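Peer 1: Below you'll find the structure I mean.
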Amino acid sequence: MGDTTSSQFTVVWNTAGRDTLALRETNTNGCTVDRSIIVTVNPLPTVSLTGPTTVCKGSLQTFSTSTLSSGATIEWQAPRLGSIIGANNNPSGVNIRWNSAGRDTVIARVTSALGCVSQAIHVCTVSELPSVSITGPTEGCKNVVRAFAPGNVTTGAQIEWSNPTRGTVVGSATNTAGVNVMGTTAGTDSVVATVTSPEGCVASSSFAYTVNEVPDPMITGATAVFVGQEAVYQTAAVSGHS
């Protein structure tokens, strides 16, 4: 490339193999001499990447390469939106944890045994996790239905409410607007909502609440009386109960 009559010029070697570079030099007296050198053009290493083109934020994904030529080495470049987990020079593949949503690339840089370098690029879209944040009462009485809401669920997402350990879901367990739960056993419990976005990304939220025991009074007194007769009825006094 450039002026081929100057003392220096650049050659771009396009094809692997052996080739000849020839030089003819002429002095001021018009005398010429020819010289040449044999140049061996080494091939670039071949490499291709396979892996998912769409991933979810927070997920750990594996990307693999084709079989490298004998003696070749590889270096995986950390993507802008993720981080490499483990070795970055594994010839068989790399594990990447995706930390942020957006569009990014996975790059493998391969060096052949002869020192020639090539790289492969794999484009990947990192999808945001769906949003879910449960709100509802923090306590309530046993055998009373309580309503819980998931907050602003991502448009197009699906939801599944899990049965709590001390109660049951009343009605639909896939309603994105909320769920009704009846606590059947006193104690601390939680309601869990698992949301799946249209891209297949999954997030869940848990909301803790207390199921309070209900009083269990027993009334004692006469069950058969006359008109005008006084009768006394009573129940056991429990501290704090009204």
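The values are calculated or read from the model by the stated rules, or taken from the named source; none is laboratory data. None of the values given here were measured: they were computed from a predicted structure. Virtual Cβ from ideal backbone geometry, glycine too; neighbours counted across all protein chains shown. Protein only, heavy atoms only, side chains kept; ligands, DNA and RNA dropped before computing areas. Shrake-Rupley method; radii C 1.70, N 1.55, O 1.52, S 1.80 Å.
Peer 1: For residues that are more than 24 Å from Glu128 (Cα to Cα) and not in a strand (DSSP E or B), scanning just region 182-217, find the one that is farthest from the chain's Cα centre (by Cα).
Peer 2: Pro217
Peer 1: Another question, then. Would a scan of region 113-122 turn up a residue that is touching a Phe, Trp or Tyr at 6+ places or on another chain (Cβ under 9 Å), surrounded by fewer than 17 Cβ atoms within 10 Å (Cβ to Cβ) and among the small types (Gly, Ala, Ser)?
Peer 2: The answer is no, given that none of the residues of region 113-122 is touching a Phe, Trp or Tyr at 6+ places or on another chain (Cβ under 9 Å), surrounded by fewer than 17 Cβ atoms within 10 Å (Cβ to Cβ) and among the small types (Gly, Ala, Ser).
So that you can scan it fast, the table gives a plain yes or no per residue for (1) touching a Phe, Trp or Tyr at 6+ places or on another chain (Cβ under 8 Å); (2) at pLDDT 90 or above:
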{"position": "Thr165", "(1), (2)": "no, yes"}
{"position": "Val169", "(1), (2)": "yes, yes"}
{"position": "Asn175", "(1), (2)": "yes, yes"}
{"position": "Val181", "(1), (2)": "yes, yes"}
{"position": "Ser190", "(1), (2)": "yes, yes"}
{"position": "Gly200", "(1), (2)": "no, yes"}
{"position": "Thr220", "(1), (2)": "yes, yes"}
{"position": "Val238", "(1), (2)": "no, no"}
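Peer 1: Another question, then. Just to check your reading of the model, which residue among Thr184, Thr196, Thr168 is closer than 28 Å to Gln61 by Cβ and among the hydroxyl-bearing types (Ser, Thr, Tyr)?
Peer 2: Just a single option satisfies the conditions, and that option is Thr196.
Peer 1: If you go through region 218-231, how many residues are surrounded by 10 or more Cβ atoms within 10 Å (Cβ to Cβ) and either in a loop (DSSP other than H, G, I, E, B) or in contact (Cβ under 8 Å) with a residue 24 or more places away in the chain (or both)?
Peer 2: 4
Peer 1: Test Arg97 against the stated conditions and say whether it is charged (D, E, K, R) and under 25 Å from the mean Cα position of the chain (by Cα).
Peer 2: yes
Peer 1: Next question, about the same structure. Filter region 42-56 down to the residues that are at pLDDT 95 or above and open to solvent by less than 70 Å² (accessible area, probe 1.4 Å) and list them by number.
Peer 2: Those that are at pLDDT 95 or above and open to solvent by less than 70 Å² (accessible area, probe 1.4 Å): Gly51, Pro52, Val55, Cys56.
Peer 1: Using the structure shown, decide if Thr194 is open to solvent by 60 Å² or more (accessible area, probe 1.4 Å), of a type in the set (Ser, Thr, Tyr) and more than 30 Å from Trp76 (Cα to Cα). Spell out the reasoning first.
Peer 2: Working: open to solvent by 60 Å² or more (accessible area, probe 1.4 Å): no; of a type in the set (Ser, Thr, Tyr): yes; more than 30 Å from Trp76 (Cα to Cα): yes.
Criteria not met by Thr194.
Peer 1: Taking region 157-171, which residues are open to solvent by less than 60 Å² (accessible area, probe 1.4 Å) and under 31 Å from the mean Cα position of the chain (by Cα)?
Peer 2: Once the filter is applied, which keeps residues that are open to solvent by less than 60 Å² (accessible area, probe 1.4 Å) and under 31 Å from the mean Cα position of the chain (by Cα), region 157-171 yields Ala157, Ile159, Trp161, Ser162, Pro164, Val169.
Peer 1: Which count do you get for residues in region 232-242 that are among the β-branched types (Val, Ile, Thr) and open to solvent by 100 Å² or more (accessible area, probe 1.4 Å)?
Peer 2: 1
Peer 1: Might you check whether a residue that is open to solvent by 80 Å² or more (accessible area, probe 1.4 Å), over 14 Å from the mean Cα position of the chain (by Cα), at pLDDT 95 or above and closer than 25 Å to Glu199 by Cβ occurs anywhere in region 73-80?
Peer 2: Yes, region 73-80 contains at least one residue that is open to solvent by 80 Å² or more (accessible area, probe 1.4 Å), over 14 Å from the mean Cα position of the chain (by Cα), at pLDDT 95 or above and closer than 25 Å to Glu199 by Cβ.
Peer 1: Could you count how many residues in region 40-66 are in a loop (DSSP other than H, G, I, E, B) and more than 19 Å from Gly200 (Cα to Cα)?
Peer 2: Just the residues of region 40-66 that are in a loop (DSSP other than H, G, I, E, B), to begin with: 42-48, 51-53, 57-59, 66.
Retained after the next criterion (residues that are more than 19 Å from Gly200 (Cα to Cα)): 42-48, 66.
So the answer is 8.
Peer 1: Here's something else I'd like to know. State all residues of region 103-112 that are crowded, with 16+ Cβ neighbours inside 10 Å and within 14 Å of the chain's Cα centre (by Cα); if no residue qualifies, say none.
Peer 2: Asp104
For (1) without any contact (Cβ under 8 Å) to a residue 12 or more places away in the chain; (2) within 30 Å of Ser197 (Cα to Cα); (3) not in a strand (DSSP E or B), each residue gets a yes or a no:
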site: Ser6; (1), (2), (3): yes, no, yes
site: Thr10; (1), (2), (3): yes, no, yes
site: Arg18; (1), (2), (3): no, no, no
site: Gly30; (1), (2), (3): yes, no, yes
site: Val33; (1), (2), (3): yes, no, no
site: Ala87; (1), (2), (3): yes, no, yes
